[in-house]
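The values are calculated or read from the model by the stated rules, or taken from the named source; none is laboratory data. Just so it is clear, the structure is predicted and the values come from calculations on it, not from any experiment. Cβ placement follows ideal geometry from the backbone for every residue including glycine, while neighbour counts extend to all protein chains displayed.
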Ligand code: NAD
């Protein structure tokens, strides 16, 4: 691991206290270029890309065990960098270990195929080769978790990686780089570049020695990434924004659906791409459901992220805080009915300077901006519906298509609606549906490509067709 050439740094702050917690290297374009060249050299050298898959698997498993051993330190680092509740970060550490273990297993199962011979004199088969140098760009809401979703399959496939964390949450990515070296990933295979500006990501996408970009972030930036990557025809996968609905029918288990609706939006302070930020409730139970939601949401503890009793921590960035405040203003001006919150949450003591937002809920029409646009904060919008057809129409009237939940005790209806919803994931009677082994990704403007699945291995591989002539007489179509 090497430092930047200029030695320049930028400040990294704890959003829950306002304290500066680290000075982080400010990479220049030259630094980025060095990182990409290191990755290229390591990839082309073949130590990792051509290592037996079973050996790569052992190294990736070792990364998983080092992460598990250091989970407490990593968790606290994430909490101070991001502002999330420690209870949330704890769950993420388990999921990160699971992700590395899953892809350690996948490394030895990235099978090619043998085709029926196209002619009797041929053998035809495919092999999966690593795609090459991967530029991995991640956002700030689940820093280490989302890094693991890219780094683990990329390494399993035999790729070299340049990982660029978000400017506001760079710390755990740096630790991941150290862990990889310690586990036995050869030098140059995993490179971390940090910087405070948007141009670092842009340079990575432009770089001609990068073969693939794996991007997670907003839909607006995803479009810029796709356009930029087109100049060098890089392979691209995009995990983008969402406005995911929970659809609650009048035959749902209300107790479970209310608890899930609360968790589904307020988990990670709503800064989750799959947050269920629209709750569509059938009219017959609408008033009862909303009243229960508001009553039970009052038991959710917003507070000091380092307190294990806290459910919801701080908002990670000042820009994000402003965005949430602005959307609440828009909600008011659109005439949305405030059911809960809608303003800054003030804390005492060490968190007095922190950025906390009160748990917020509105009732609005499906056309309202707060019911259509991604807010990415603890703000949910309730919308009533009459019947199945209307619920499906409202759910699908979105430019996004990441996730959805359906709540019904009628298994036929739940599955019928799940089939009609245009999202990458539909969760029936559960608020949570993100696990290694289960593909995760978007329809429509929530992106393309899938993470967490076996098919993800394909997205870090090229398929090479190998044809072997086995005939006795040499082929001589010109008869020369
Ligand atoms: P963002 O798009 O602003 O930034 C994401 C990353 O891209 C950051 O590392 C940023 O520095 C970098 N970046 C910025 N401009 C770039 C450019 N021109 N070229 C290349 N890289 C560039 O998003 P954010 O605010 O950090 O994250 C929040 C968004 O991420 C939300 O929209 C959320 O829904 C989405 N998200 C999606 C998923 C998913 O799996 N679908 C998961 C988490 C977050």
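Descriptive notes on the structure:
- Among (1) more than 8 Å from the ligand (Cβ to nearest atom); (2) more than 19 Å from residue 51 (Cβ to Cβ); (3) in a helix (DSSP H, G or I); (4) free of Cβ contacts under 8 Å to residues at least 40 places away in the same chain - the single one residue 202 does not satisfy: (1)
- Test: residue in segment 173-193 that is part of a helix (DSSP H, G or I), under 29 Å from residue 432 (Cα atoms) and within 12 Å of the ligand (Cβ to nearest atom): yes
- Test: residue in segment 313-320 that is more than 16 Å from the ligand (Cβ to nearest atom), in contact (Cβ under 8 Å) with a residue 24 or more places away in the chain and part of a loop (DSSP other than H, G, I, E, B): yes
- Residue within segment 101-120 that is under 21 Å from residue 272 (Cβ atoms) and within 14 Å of the ligand (Cβ to nearest atom) present: no
- Matching residues, segment 97-117, being in a loop (DSSP other than H, G, I, E, B) and either in contact (Cβ under 8 Å) with a residue 40 or more places away in the chain or under 21 Å from residue 439 (Cα atoms) (or both): 108, 109, 110, 111, 112
- Any hit, segment 273-294, residues being under 25 Å from residue 439 (Cβ atoms), out of contact with any helix residue (DSSP H, G or I) (no Cβ under 8 Å at 6 or more places or on another chain), near the ligand (Cβ under 8 Å from one of its atoms) and touching a residue at least 40 places away in the same chain (Cβ under 8 Å): yes
- In segment 378-385 there is no residue matching the filter, namely being more than 22 Å from residue 240 (Cβ to Cβ) and in a helix (DSSP H, G or I).
- Taking segment 330-373 as the range and being in contact with a helix residue (DSSP H, G or I) (Cβ under 9 Å, 6 or more places away or on another chain), assigned to a loop (DSSP other than H, G, I, E, B) and closer than 30 Å to residue 410 by Cα as the test, the residues that pass are 364, 365, 366.
- Residue match in segment 156-164 (condition: within 8 Å of the ligand (Cβ to nearest atom) and in contact with a strand residue (DSSP E or B) (Cβ under 9 Å, 6 or more places away or on another chain)): yes
- Selected residue [in contact with a strand residue (DSSP E or B) (Cβ under 8 Å, 6 or more places away or on another chain), surrounded by fewer than 23 Cβ atoms within 10 Å (Cβ to Cβ) and farther than 25 Å from residue 18 by Cα] from 118, 130, 153: 118
- When 257, 220 are checked against the criterion of being more than 11 Å from the ligand (Cβ to nearest atom) and outside any strand (DSSP E or B), 257 stands alone in meeting it.
- In segment 398-422, residue surrounded by the fewest Cβ atoms within 10 Å (Cβ to Cβ) [restricted to those that are part of a loop (DSSP other than H, G, I, E, B) and touching a helix residue (DSSP H, G or I) at 6+ places or on another chain (Cβ under 8 Å)]: 399
- Consider segment 223-254 and keep the residues that are crowded, with 23+ Cβ neighbours inside 10 Å, outside any loop (DSSP other than H, G, I, E, B) and away from the ligand (no atom under 13 Å from the Cβ). The one that is nearest to the chain's Cα centre (by Cα) is 245.
- Any hit, segment 136-155, residues being outside any helix (DSSP H, G or I), more than 16 Å from the ligand (Cβ to nearest atom) and at pLDDT 95 or above: no
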